[in-house]
1. Output the residues belonging to segment 17-28 that are part of a loop (DSSP other than H, G, I, E, B) and either exposed (fewer than 10 other Cβ atoms within 10 Å of the Cβ) or of a type in the set (S, T, N, Q) (or both).
2. Please enumerate the residues belonging to segment 52-107 that are in contact with a Lys or Arg (Cβ under 9 Å, 6 or more places away or on another chain), outside any helix (DSSP H, G or I) and free of Cβ contacts under 8 Å to residues at least 24 places away in the same chain.
3. With respect to Glu100, determine if the residue is more than 21 Å from the chain's Cα centre (by Cα), surrounded by fewer than 16 Cβ atoms within 10 Å (Cβ to Cβ) and either more than 21 Å from Arg161 (Cβ to Cβ) or in the same structural domain as Glu156 (by TED's automatic domain parsing) (or both).
4. Answer with yes or no whether Leu58 is surrounded by 12 or more Cβ atoms within 10 Å (Cβ to Cβ), within 33 Å of the chain's Cα centre (by Cα), of a type in the set (A, V, I, L, M) and assigned by TED's automatic domain parsing to the domain that holds Arg161.
5. Among the residues in segment 168-184, are any touching a Lys or Arg at 6+ places or on another chain (Cβ under 6 Å) and at pLDDT 90 or above?
6. Could you please let me know if Asn89 is polar (S, T, N, Q) and at pLDDT 90 or above?
7. Test Leu142 against the criterion of being modelled with pLDDT under 85, out of contact with any Cys (no Cβ under 8 Å at 6 or more places or on another chain) and surrounded by fewer than 19 Cβ atoms within 10 Å (Cβ to Cβ), and give yes or no.
Amino acid sequence: MKEEKDYILGLDIGIASVGYGIIDYNSRDIISAGTNIFKEANVENNEGRRAKRGSRRLKRRKIHRLDRIKHLLEEYRMIDKANIPTSTNPYQIRVKGLSEKLGKDELAISLLHLAKRRGIHNVEAVDEGDDKGSELSTKEQLRKNAEQLETKYICELQLERLQSKKKYGGRRTGSGRKITLKKQKSCSRLRKSSTGLMNSL
């Protein structure tokens with residue numbers, strides 16, 4: 001039977017190296033020692049790792065959010081996970097749901113789309129060749145957003161943009177920040193217009 005021995009492990013952790021030493025507890029003999037040297041961390045590397053970590057987190061949360069919505073819809077027998085309804089234009093269905101009662105498939109498509117795309121960038125349509133949009137301050141962008149949302153829902157603005165510009169996203173401000181608006185208003189309206197369907201399930 002192999003004799004068990006006690007050892008002491010010592011670590012010297014620095015900003016660009018890690019040193020180690022292993023000593024026999026009884027005889028105090030040095031068993032092994034060494035150093036591992038690596039590149040010192042800097043701000044640029046940290047920013048890159050932070051950005052990638054943020055992207056992974058957003059992707060993971062998005063997948064989890066969609067899975068929960070699918071589970072809920074399946075629980076209410078609105079969809080079958082093996083045959084989830086799809087649409088080439090979910091914005092059109094969402095706009096329809098503001099004033100009309102939606103069918104099961106239409107409501108499922110709308111809710112899944114809302115869960116997948118939870119916000120919208122600057123709602124003001126700006127031509128790609130126009131640099132004025134990038135020069136507007138965040139405060140000015142938010143004011144313009146609020147003006148448009150007084151009379152229309154976000155999905156209506158998105159549908160108009162999709163039909164006229166073949167795009168529904170927005171632009172970044174001059175500082176690179178996104179102007180994102182939550183969809184609580186249109187989601188609430190959609191829920192009210194489909195209350196009868198949900199009650200009948």
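1. Answer for segment 17-28, where residues must be part of a loop (DSSP other than H, G, I, E, B) and either exposed (fewer than 10 other Cβ atoms within 10 Å of the Cβ) or of a type in the set (S, T, N, Q) (or both): Asn26, Ser27, Arg28.
2. Lys81
3. Details: more than 21 Å from the chain's Cα centre (by Cα): yes; surrounded by fewer than 16 Cβ atoms within 10 Å (Cβ to Cβ): yes; either more than 21 Å from Arg161 (Cβ to Cβ) or in the same structural domain as Glu156 (by TED's automatic domain parsing) (or both): yes.
Answer is yes for this residue.
4. It is false that Leu58 is surrounded by 12 or more Cβ atoms within 10 Å (Cβ to Cβ), within 33 Å of the chain's Cα centre (by Cα), of a type in the set (A, V, I, L, M) and assigned by TED's automatic domain parsing to the domain that holds Arg161.
5. The answer is no; no qualifying residue exists.
6. yes
7. Considered against the rule, which asks whether it is modelled with pLDDT under 85, out of contact with any Cys (no Cβ under 8 Å at 6 or more places or on another chain) and surrounded by fewer than 19 Cβ atoms within 10 Å (Cβ to Cβ), Leu142 comes out as yes.
The values are calculated or read from the model by the stated rules, or taken from the named source; none is laboratory data. These numbers come from a predicted model, not from an experiment. Quick reminder, even Gly has a Cβ in these numbers, built from the backbone with ideal geometry, and neighbours come from all protein chains shown.
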